[in-house]
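Step one of this worksheet: look at the structure below.
The values are calculated or read from the model by the stated rules, or taken from the named source; none is laboratory data. All values derive from a computational prediction rather than experimental measurement. Glycine gets a Cβ as well: all are built from the backbone with ideal geometry, and neighbour counts include every protein chain shown. For accessibility, only protein heavy atoms count, side chains too; no ligands or nucleic acids. Shrake-Rupley method; radii C 1.70, N 1.55, O 1.52, S 1.80 Å.
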Amino acid sequence: MTIKEISFDGLQAIELLTDSVRLVAVTEFGPRVAFLGKPGGKNMLLWAPEKYTRGDWDLRGGHRVWATTPGADECEDTYAVDNDACEFQIGDDGFVVIGAENPINKTRRGFRISMVKDTMLEVDNFVINTGDMLYSGGLWALTCTLPTKGATYAVPVGDGSSWDNFNMIFFREWAGHGKGGFNDPQIEIGTDLVTVKPAGNENKRMLQSHAGIIAMSDPVNNATFAKHVCYDPAGSYPLNTNIAFYVGPDNFMVEMETMGPEETIKPGAELHHIETWVLKDGATEFTSAETVHALFGS
């Protein structure tokens, strides 16, 4: 493994490279992961600065960490300081990137990325209360992927017990977005798996996944990418969901999203939302929850 400062797309950045994974995080704004893929391969993440904007905010793409507010997983202060420069530190097994202070709620967001093994990364998304008052919120980790032809996404649902159940939030439209509606053929609910085969219709869902996994099979890049988070049944999650996905118009991206439970953070304290990422060779046929669990060796 090598970790070094590089220039990416003309921006100051940090590259983490192994025999199986290349990951690049830019530090001039964000924090933001800009590239994920095989060494020498194509970027599996959307990366398109200045193309998708909301006022002063620039989506850009990649992976980002946002703070949720109880009762509103997305509100105006969520977008603050994404354009500001970050601080960073490189270590022996990874690196840390910390964004600027949000002047509205006095927090700083960041992530620490480290290697677990050659095809597995730990992405520790965090928020720090830098003010002198209490802060209440949670963390929301969004990864903008590029859905190539034939790409499929999957989320295991249920816990396999008697009286098994799960929650799913359907959106018909939000803030002027959404065309897929409640009954969307892109989204299939199976026995223990929700699968998405993006067809270009803008839509999103929020789900309760006891397994805490969302996965992507990419036959064009001959790869499978998946994210896992621990789920706390007693935790206070946005709309009682911990996984979400968003299909962009014309398949310009699919966001793979995980959310952590909301907590009250004292001054100087930190809240962490740890994801495990795997990037494996070969596309995966998602036929059951077991095929998704197997990506993490279980």
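Looking at residue 165, is it at pLDDT 95 or above, under 19 Å from residue 238 (Cβ atoms) and either touching a Cys at 6+ places or on another chain (Cβ under 7 Å) or assigned to a strand (DSSP E or B) (or both)? When the stated conditions are applied, residue 165 does not pass them. Filtering region 88-108 to residues that are closer than 18 Å to residue 270 by Cα and of a type in the set (Val, Ile, Thr) leaves 96, 97, 98, 104, 107.
Taking the conditions (1) open to solvent by 10 Å² or more (accessible area, probe 1.4 Å); (2) within 23 Å of residue 242 (Cα to Cα); (3) touching an Asp or Glu at 6+ places or on another chain (Cβ under 7 Å) in turn, residue 69 satisfies each one other than (3). Scanning region 168-209 for residues that are closer than 21 Å to residue 288 by Cα, touching a Phe, Trp or Tyr at 6+ places or on another chain (Cβ under 9 Å) and of a type in the set (D, E, K, R) gives 184, 197, 205.
Looking across region 94-119, the residues that are open to solvent by 70 Å² or more (accessible area, probe 1.4 Å) and either more than 16 Å from residue 277 (Cβ to Cβ) or part of a loop (DSSP other than H, G, I, E, B) (or both) come down to 101, 103, 104, 106. On the stretch given as region 240-258, residues that are of a type outside the set (Val, Ile, Thr), touching an Asp or Glu at 6+ places or on another chain (Cβ under 7 Å) and under 15 Å from residue 207 (Cβ atoms) total 3. Looking at (1) surrounded by 15 or more Cβ atoms within 10 Å (Cβ to Cβ); (2) in contact with a Leu (Cβ under 8 Å, 6 or more places away or on another chain); (3) not hydrophobic (A, V, I, L, M, F, W, C), which is the one condition that is false for residue 266? Here residue 266 meets the rest and fails (1). Sub-9 Å Cβ pairs linking a first residue in region 166-177 that is of a type in the set (Lys, Arg) to a second residue that is part of a loop (DSSP other than H, G, I, E, B), at least 6 apart or interchain, are 172/178; 172/180; 172/181; 172/182, ordered by first then second residue.
Scanning region 144-170 for residues that are open to solvent by less than 40 Å² (accessible area, probe 1.4 Å) and hydrophobic (A, V, I, L, M, F, W, C) returns 144, 151, 154, 155, 157, 168.
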